[in-house]
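*Asks:* Please read through the structure below; I'll follow up with questions.
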Amino acid sequence: MQILVVPDSFKESLSAKEVATAISKGIHSVDPKVFVRQLPFSDGGEGALDLLQNLFEGELVTINTIDAIGRSIKSPYFRFADRKAAWIELSQASGLAQIEVDKRNPMLASTYGTGLQIRHALDNGAEEIYLGIGGSATNDGGTGILSALGGLFSDAEGEMLLPGGGFLTYLDHIDVEAIPQFKLKVACDVLNPLLGKQGATAVYGPQKGVTPEIEPQLEAGLANFSKHIELLTQKSVAEVPGAGAAGGCAAGLHGLLGAELVSGFELLAELSHLEEQIAASDLIITAEGRIDGQSLEGKLPVGVAKLAKKHKKPLIVLTGSMGEHLDPLYSLGINSIFSIQKGPCTLEESMNNASDLLKSTAERVFRLYQTARK
């Protein structure tokens with residue numbers, strides 16, 4: 001028997017590699033002879049760097065940059081050895097994981113640090129950038145990235161805007177003439193538009209610190225940003241699928257730099273030959289920190305499910321928490337979803353014990369699977 005373990009990370013808790021290791025330990029505690037192939041995966045956001053190092057010749061380049069609230073940090077990106085290209089994870093410099101919960105402030109949070117990474121890659125010979133934009137702490141429409149590359153954003157008085165989504169309501173002029181030309185592919189894991197009830201601020205804002213008091217200003221700021229992009233480029237970005245990813249970062253980069261928005265999962269699946277590995281396996285196990293109706297919008301388990309269904313392979317999903325509206329997921333190729341929780345507990349307790357919970361859940365699930373096969 002060959003089992004493929006292909007999980008995503010559990011945000012702010014475990015890396016995809018740690019998730020895969022815990023699941024494998026649970027399986028081997030039942031039967032140490034089973035062959036388990038671990039493929040820690042990513043939908044283009046957090047975890048992509050680990051995957052790329054396993055797949056390609058290249059190196060991690062660590063530079064001095066800043067986090068989303070302006071503190072000095074060191075962050076890595078991946079430089080390919082055989083091409084003039086680099087893969088950059090927005091979450092490494094501008095992600096939630098670097099910001100303590102009580103310091104998260106999307107009014108001020110900026111993607112500028114990620115822009116510094118892109119600029120470093122371009123200055124050192126890269127001509128093509130892959131940008132994974134999952135896990136952001138920002139709601140600035142990507143203006144921080146654009147500013148770091150040479151873009152200018154000013155108000156009606158000609159004063160440069162301060163960083164952060166809270167100041168986009170004052171935007172009156174955009175100048176991107178100084179930004180160098182390069183190919184940019186943005187790996188999105190969602191299809192949300194920029195604005196509205198399914199947009200960047202409403203859906204993803206709360207985990208970044210958006211409160212009902214500041215939500216209207218952030219939404220108005222992105223709407224104003226979208227308007228000025230259209231005035232400058234004659235391109236409307238508000239309804240582009242995925243434009244709301246990473247606090248509207250996808251909208252800004254697509255509208256002002258012509259970035260191609262692609263499925264991060266599909267891009268990495270192609271590079272890693274994931275479909276071939278699924279076809280060669282008897283059982284597929286994937287994992288995600290949370291499964292709910294939003295998982296339909298391009299999340300890793302759904303991408304894996306479609307490939308598993310194509311090759312008629314059973315797929316089991318392990319998750320930290322289960323939300324509502326899960327029924328559509330089963331028709332896509334997921335056979336069963338298991339929560340790793342053993343009983344009532346706080347989010348903090350669950351995150352602190354995620355590895356042990358995954359291991360014990362994988363053990364129980366594999367015992368059930370073996371019984372069913374017999």
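What follows is calculated from the coordinates using simple rules that are stated; it is not laboratory data. Predicted model, so just to flag it, every value in this text is computed and none were measured. Neighbour counts run over all protein chains shown; Cβ positions are idealised from the backbone, glycine included.
*Asks:* Hey, in the GNM for the chain with a 10 angstrom Cα cutoff, which one of G134, G142, G70 fluctuates hardest?
*Replies:* Sorting by GNM fluctuation, first place goes to G70.
*Asks:* Please report how far the C-alpha centroid of the stretch 94-111 lies from that of the stretch 30-62, rounded to the nearest whole angstrom.
*Replies:* 27
*Asks:* Further question on the same structure: If you take every DSSP beta bridge whose two residues both sit in the stretch 48-264, what share of them, in percent to the nearest 5, is antiparallel?
*Replies:* Roughly 55 percent of the DSSP beta bridges within the stretch 48-264 come out antiparallel.
*Asks:* To continue, here is another question. Net charge within 14 Å of R83 by Cβ-Cβ distance, Lys/Arg positive one each and Asp/Glu negative one each, not counting R83 itself?
*Replies:* Taking every other residue near R83 into account, the sum is -1.
*Asks:* Full extension from D175 to A97: what is 0.36 nm times the residue separation minus their Cα-Cα distance, to one decimal in nm?
*Replies:* 24.9 nm
*Asks:* Continuing with this model, one more query. Taking a cut-off of 13 Å between Cα atoms, list the aspartates and glutamates near K227, but don't count ones fewer than 8 places away on the same chain.
*Replies:* Cross-link targets: D172, E219, E239.
*Asks:* For H311, project a label point 7 Å along Cα to C-beta. Then give me every residue of the stretch 1-36 with its amide nitrogen under 18 Å of that point.
*Replies:* 1-8, 35-36
*Asks:* Identify which of G221, G125, G255 has the largest mean-square fluctuation in a Gaussian network model of the chain, with springs joining Cα atoms closer than 10 Å.
*Replies:* G125
*Asks:* Could you give me the ³J(HN,Hα) list for the stretch 81-95, computed from phi with Karplus coefficients 6.51, -1.76, 1.60 and θ = phi - 60°, whole Hz, x at Gly and Pro?
*Replies:* Once rounded to whole Hz, the list reads 7, 9, 7, 8, 8, 9, 10, 10, 9, 4, 5, 5, 10, 10, x.
*Asks:* Would you list K33, K103, K74 from fewest to most Cβ contacts within 10 Å?
*Replies:* Ranking K33, K103, K74 by Cβ neighbours within 10 Å, fewest first, gives K33, K74, K103.
*Asks:* Mean 1/r over all different Cα pairs, inverted: what Kirkwood radius does the stretch 48-264 give, in Å?
*Replies:* 16.8
*Asks:* At 222 nm, what value in deg cm²/dmol follows for the chain if DSSP H runs of at least 4 each add -39500 (n - 2.57) and the sum is divided by all its residues, to the nearest 500?
*Replies:* Taken over the chain, the calculation gives -11000 deg cm²/dmol.
*Asks:* Enter the Cα centre distance for the pair the stretch 248-289 and the stretch 332-352, rounded to the nearest angstrom.
*Replies:* So the two Cα centres are separated by 24 Å.
*Asks:* How high is the relative contact order of the chain, in percent, with contacts defined as C-alpha pairs under 8 Å that are six or more residues apart?
*Replies:* It rounds to 18 percent for the chain.
*Asks:* Here's another thing I want to ask about it. Among DSSP beta bridges lying fully in the chain, give the percent that are antiparallel, nearest 5.
*Replies:* 35
*Asks:* Sticking with this one: Any idea what log10 I(q)/I(0) is at q = 0.08, 0.11 Å⁻¹ for the chain, Debye with uniform C-alpha scatterers and no solvent?
*Replies:* Debye intensities relative to I(0), on a log10 scale: -0.40, -0.74.
*Asks:* How large is log10 of I(q)/I(0) for the stretch 243-311 at q = 0.23 Å⁻¹ when the intensity is taken from the Debye formula with one equal scatterer per alpha-carbon?
*Replies:* Results for the stretch 243-311 at q = 0.23 Å⁻¹ read -1.05.
*Asks:* List the lysines whose Cα sits under 22 Å from the Cα of K183, skipping any in the same chain fewer than 8 residues away.
*Replies:* Correct list for K183: K84, K235.
*Asks:* Loop only by DSSP, 14 or fewer other Cβ within 10 Å of the Cβ. Give me the GluC sites (Glu not before Pro) in the stretch 227-313 that pass, ordered by residue number.
*Replies:* Here the GluC sites (Glu not before Pro) that fit, given the DSSP loop and packing criteria, are E239.
*Asks:* Aspartates and glutamates near K359 by alpha-carbon distance under 15 Å, same-chain residues fewer than 8 away left out - which ones?
*Replies:* Cross-link targets: E18, D31, E288.
*Asks:* Highest GNM mean-square fluctuation, the chain, Cα pairs closer than 10 Å: which of A109, A137, A354?
*Replies:* Maximum among the listed residues: A354.
*Asks:* Separate question: Select from the stretch 99-129 those GluC sites (Glu not before Pro) which occupy a DSSP coil region and have at most 10 other Cβ atoms within 10 Å, ordered by residue number.
*Replies:* Of the GluC sites (Glu not before Pro), the ones in loops of the stretch 99-129 whose Cβ has at most 10 other Cβ atoms within 10 Å are E100.
*Asks:* Can you give the local net charge around D155? Use residues other than it whose beta-carbon is closer than 14 angstrom to its beta-carbon, Lys and Arg +1, Asp and Glu -1.
*Replies:* -4
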